[in-house]
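Below is one structure, written out as structure tokens; the observations come after it.
The values are calculated or read from the model by the stated rules, or taken from the named source; none is laboratory data. Bear in mind the structure is a predicted one, so any value in this text is a computation, not a measurement. As a convention, Cβ positions derive from the backbone with ideal geometry for all residues, glycine included, and neighbour counts pool all protein chains shown. Only protein heavy atoms, including side chains, enter the accessible area calculation; ligands, DNA and RNA are left aside. Shrake-Rupley method; radii C 1.70, N 1.55, O 1.52, S 1.80 Å.
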Amino acid sequence: MTFLQPRQLIELFPLFDESLSTFIHQHGEDRTFEVGEELMRPGQFFKYAVLIVGGKVKLYREGNEGEEFFMYFLEAGEACALSMMCMARNQASTVTAIASETTNVVMIPIQQMDTMMKSYPSWYHFVIETYRKRFEEMLTVIDQIAFNNMDERLEWYLKRQVAVLGKDLHLTHQQIANDINSSREVVSRLLKKLEKNGKISMERHGVHWKG
């Protein structure tokens, strides 16, 4: 049983109705992930659907040689579409999800999925909406990679971070390089260019967005 009451679940997940929220309250399991802890990793099989109820999670796609590319954030009121898809198809994860701050989740056991899909229309609509949102986000990521140069990709990346984390980004040049699959030297050069153009300022703790 999750500590969140049905009304709290509805506040976080507006698509849920009272009967679904009550069901999740009865069958969900609470778990907390600390900063840097993995929620999922490549090759992992899922026994739970994961609902984020507090904190933030970063999802990465990992290449054949261990390189990473930042995909998107998950925040409170969202679910991991990839975990639901992999669980439904009994497939292993192809992404890494890491808590970027202390993150609280509700985990719904796989045994309950058929019941939820068949008996709770609001869960079905929530799953479809989650898939739609992530699909559109992934199309945007693909467009950035395919059609924009590294200058534009870096600026777009910073804007995405600012939208979730605020204008003070506690990120090193190497962390940014890892997230966009570039080199620290290239990122440092492009950050200096953005600073010269007045869009950012380099701070001791990282980068401050001004644009």
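Compute the angle between helix 184-196 and the longest alpha-carbon principal axis of the chain, please, reported from 0 to 90 degrees and rounded to the nearest 10. That helix lies at roughly 70 degrees to the long axis. Seen against the Cα atoms of the chain and their longest principal axis, helix 150-165 is set at about 50 degrees.
Among F135, F13, F70, the largest mean-square fluctuation in a Gaussian network model of the chain, built with springs joining Cα atoms closer than 10 Å, belongs to F135. Accessible area per residue (1.4 Å probe, heavy atoms of protein chains only) ranks D151, D168, D114, D179 as D114, D168, D151, D179, with the largest value leading.
On a per residue basis, the chain carries 54 Å² of accessible surface, using protein heavy atoms and a 1.4 Å probe. With axes computed from alpha carbons, what is the tilt in degrees of helix 18-27 against the longest principal axis of the chain, rounded to the nearest 10 within 0 to 90? In the chain, helix 18-27 runs at an angle near 90 degrees to the longest axis.
Could you tell me how far the Cα centroid of region 179-211 sits from the Cα centroid of region 105-173, in Å? What the calculation gives is 24 Å, centre to centre.
For the chain, carbon and sulfur atoms together expose 50% of the accessible surface, with a 1.4 angstrom probe and every protein chain in place. Loop-located chymotrypsin sites (Phe, Trp or Tyr not before Pro) across region 1-68 with a Cβ neighbour count of 13 or fewer within 10 Å are F3, F45, with loop assigned by DSSP. Stretching the chain fully between E34 and Q144 yields a gain of 36.5 nm (0.36 nm per residue, less the alpha carbon separation). Taking the alpha-carbon distance from K47 and a cut-off under 28 Å, which lysines remain once sequence neighbours fewer than 8 residues away in the same chain are dropped? Within reach: K56, K58, K118, K133. Placing pseudo-labels 7 Å out from each Cα toward the beta carbon at E136 and N64 gives an inter-label distance of 3.5 nm. Take the Cβ atoms of A88 and E203, set R0 to 45 Å, and the FRET efficiency comes out at 0.55. Calculated mean residue ellipticity at 222 nm for the chain: -14000 deg cm²/dmol, from DSSP H runs with n ≥ 4 weighted as -39500 (n - 2.57), summed, divided by the residue count and rounded to 500. Label sites at S119 and A76, each approximated as a point 7 angstrom past Cα along Cα to Cβ, lie 2.9 nm apart.
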